[in-house]
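Engineer: Sharing a structure here in structure tokens format.
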Amino acid sequence: MIWQWIGLALFSLTLLPVGVALLTGHVPRRLRDRPAPMRPRGVTLLALYTAVALNAIPRLAGAPEAITLAATAVAGLLAVAGCLWAAVATQRTRSVAR
């Protein structure tokens, strides 16, 4: 149970602020020169953060096994969707640049 708390705290301190910053257009100087789209990366990070929260919160709340399993399945789908979103956005940027 302690690992769920540690993981939730760690991802809340890393993925959440970075994802919101990239989504709102606050890009660090060292990343501004990259042609890769930053807003889709922000969406991806927020999707991964939501997957972490959906995986941890029901377990920490002591939810029944069926709810925990359903939340974990939704978290997996959300993580895959976020990664696909970033891959499609990157491919679109590459095809436009050519």
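The values are calculated or read from the model by the stated rules, or taken from the named source; none is laboratory data. None of the values given here were measured: they were computed from a predicted structure. Ligands, DNA and RNA are excluded from the accessible area calculation, which covers all protein heavy atoms including side chains. Shrake-Rupley method; radii C 1.70, N 1.55, O 1.52, S 1.80 Å.
Engineer: Restricting attention to the stretch 24-40, which residues are at pLDDT below 85 and open to solvent by 60 Å² or more (accessible area, probe 1.4 Å)?
Structural biologist: Within the stretch 24-40, H26, R29, R30, R32, D33, R34, P35, R39 meet the criteria.
Engineer: Given L78, L13, L54, L60, which one is open to solvent by 80 Å² or more (accessible area, probe 1.4 Å), assigned to a helix (DSSP H, G or I) and at pLDDT 90 or above?
Structural biologist: Details: L78 fails: open to solvent by 80 Å² or more (accessible area, probe 1.4 Å); L54 fails: open to solvent by 80 Å² or more (accessible area, probe 1.4 Å); L60 fails: open to solvent by 80 Å² or more (accessible area, probe 1.4 Å).
From the options L78, L13, L54, L60, the qualifying one is L13.
Engineer: Still on this model: From the list V20, V27, exactly one residue is outside any helix (DSSP H, G or I), under 23 Å from A89 (Cα atoms) and β-branched (V, I, T). Which is it?
Structural biologist: Working: V20 fails: outside any helix (DSSP H, G or I).
The unique qualifying residue is V27.
Here's the yes/no breakdown for (1) more than 19 Å from L13 (Cα to Cα); (2) of a type outside the set (D, E, K, R):
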residue: D33; (1), (2): yes, no
residue: P40; (1), (2): yes, yes
residue: L45; (1), (2): no, yes
residue: L48; (1), (2): no, yes
residue: A51; (1), (2): no, yes
residue: N55; (1), (2): no, yes
residue: P64; (1), (2): yes, yes
residue: I67; (1), (2): yes, yes
residue: A73; (1), (2): yes, yes
